[in-house]
């Protein structure tokens, strides 16, 4: 029997040990091993993340997190953001601070300073941060009444941004927390690392403008982004990947390969597809349509606009109006450009009385939609105002739901795999506090998503309460060639629209029933997916996607007629061939084709003409030797038709 002054600590492996009441998580870790105590960054006590130095006063389950854990990384980066703020304050007195959270990769802090930060300043701040780290300052949590905290930031440490947070964002909280490290204090929920000494390696990446609380009518702050790691080799590798990502930037490659453009003067966030980019889009769309037809889907086309009645009924004018374009008045009626395709598909559904025998209905559309995005967030192809969604909706009965979700999961994996994305992560988002639809529907839908994932043997993470108000969902994220994660596919239930549009079908019992509605996108949008593809392949597209398959390069005019015959034969076999007739040296022609990332080059000289064959070069691989033209064409057709993926991307 344990002493009344002892507490029982249960570890993840199920083992239980006793410690004196008030022992900190850090001391508990140290009792296990010094190495563990050195590596951990934050503790989970009874399901709540707490500072390592916080005393544990009751029996508890305890788990430690290191930098390799997401929870540990966030704490590491959060504390680093505080250290950065302290460094800025010491270097540039008078600076005020907005918010400084950890983000997916690193951290940022919004700073209000008369000084305009430069690249040189970032290096100075880095050096000061490492100096503060070497001071080994303890991070001390202080809890106090919200009113006292307001007074603190009005008088002792004057910062109007912290005052506004306390008076507005945190207005329903009675007690708040401050964190002190040396002479620096910040308003923060925590938790944090126990000491600044934990910071070992840091790199400040960029500085950009940011409006306070995202309001363009408010103060413009300077947002400084950074990243930090316990090990230098990890920081070096991250910087290397950043440099590689810079080389792969779809905007640069898009210009280099003449794939697309955007024109601020003609309309921000609207994409112009050039011939080569349009050819790649055609290949994507052709495959998409063929795959959907083979997968039991039917194709739809719907208008680009609709009367206000449609958007009032759908609820978009209530919940989504700020993201919609202003209406147009036509025949005394207000029309809106569509931000989504869903209501149009429902209108088609309602053109006739549906029976259970008609279900499931699987309708797909490459539908162009228009959404207003603030100019500051527009980004090449990845964030635009006009884009084509690869949309689909499934209308089914409750008995069909699980089977349909299983098929969608299989279909999504097949389609994404065809484009070279085979590293997939699955996320299940469940019912939030505020939601529409009966609990029985939510339970049925959520169970069907979970069962489908389990049936397919797919591991997944659960985001409790993270679903939309109108239904649970599965998100599928892919990893690109650099290991970056991109959100692509979504499988989303909707209990809202079927109710608003009074959708029905006649069941086997002869009674009216409400169909289940599932929104489903695989690629997300053509524009964003194309941007991701460009960066994934760095513009070195697989043969089936490449806008030009083969460049035919005669060495001199003496081989021009033979080169034309070769080019025509390639084209007659459905291959996209170009003939370079320029009177340039062969070395120049080869370098130009390499720069344009043409997969194959056929070199034609006197020797090839005399032997009635060709010499082939492959992009980035060099000379492949002599080939019989017909055999080479056969190999290209097979590579194209099997949609072979590049091995070295």
The exposure ranking of 212, 311, fewest beta-carbon neighbours within 10 Å first, is 212, 311
Mean Cβ count within 10 Å, highest first, over the residues of peptides 129-142, 75-88, 543-556: 75-88, 543-556, 129-142
Taking every alpha carbon pair in the range 404-463 and sorting the distances into 10 angstrom bins from 0 up to the bin holding the longest one, the percent per bin comes out as 20, 47, 26, 8
Starting from the eigenvalues of the Cα gyration tensor, five times each then square-rooted, give me the equivalent ellipsoid semi-axes of the chain, largest first, whole Å. 49, 36, 27
Computed on Cα atoms, Rg of the range 501-576 relative to 2.2 N^0.38 Å comes out at 2.24
Among 621-630, 448-457, 467-476, what's the highest-first ranking by average C-beta atoms within 10 angstrom per residue? 467-476, 448-457, 621-630
Efficiency by 1/(1 + (r/R0)^6): what FRET value for residue 639 and residue 454, r their Cβ-Cβ distance, R0 = 41 Å, to the nearest 0.05? 0.65
Residues 585, 63, 504 in order from fewest to most other beta-carbon atoms within 10 Å are 585, 504, 63
In µm²/s, what is D for the range 52-192 at 4 °C and 1.567 mPa s, where D = kT/(6 pi eta Rh) by Stokes-Einstein and Rh is the Kirkwood radius from Cα pairs? 79
Scaled by the rule-of-thumb 2.2 N^0.38 Å, the alpha carbon Rg for the range 6-65 gives a ratio of 0.96
Hey, if you drop one equal point scatterer on each alpha-carbon of the range 550-641 and run the Debye formula without solvent, what base-10 log of I(q)/I(0) do you get at q = 0.10, 0.16, 0.23, 0.25 Å⁻¹? -0.21, -0.56, -1.25, -1.49
Just want the ordering: 614, 633, from fewest to most Cβ atoms lying within 10 Å of their own Cβ. 633, 614
Approximate shape of the range 247-287 as ellipsoid semi-axes (Cα gyration tensor, √5λ), whole Å, largest first: 19, 14, 8
Protection proxy (average C-beta count within 10 Å per residue), highest first, orders 421-428, 322-329 as 421-428, 322-329
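Since every read-out is calculated from the coordinates, none of them should be taken as a lab result. Quick caveat: nothing in here was measured; it's all calculated off a predicted structure. Cβ atoms come from the backbone with ideal geometry, glycine included; neighbour counts cover every protein chain shown.
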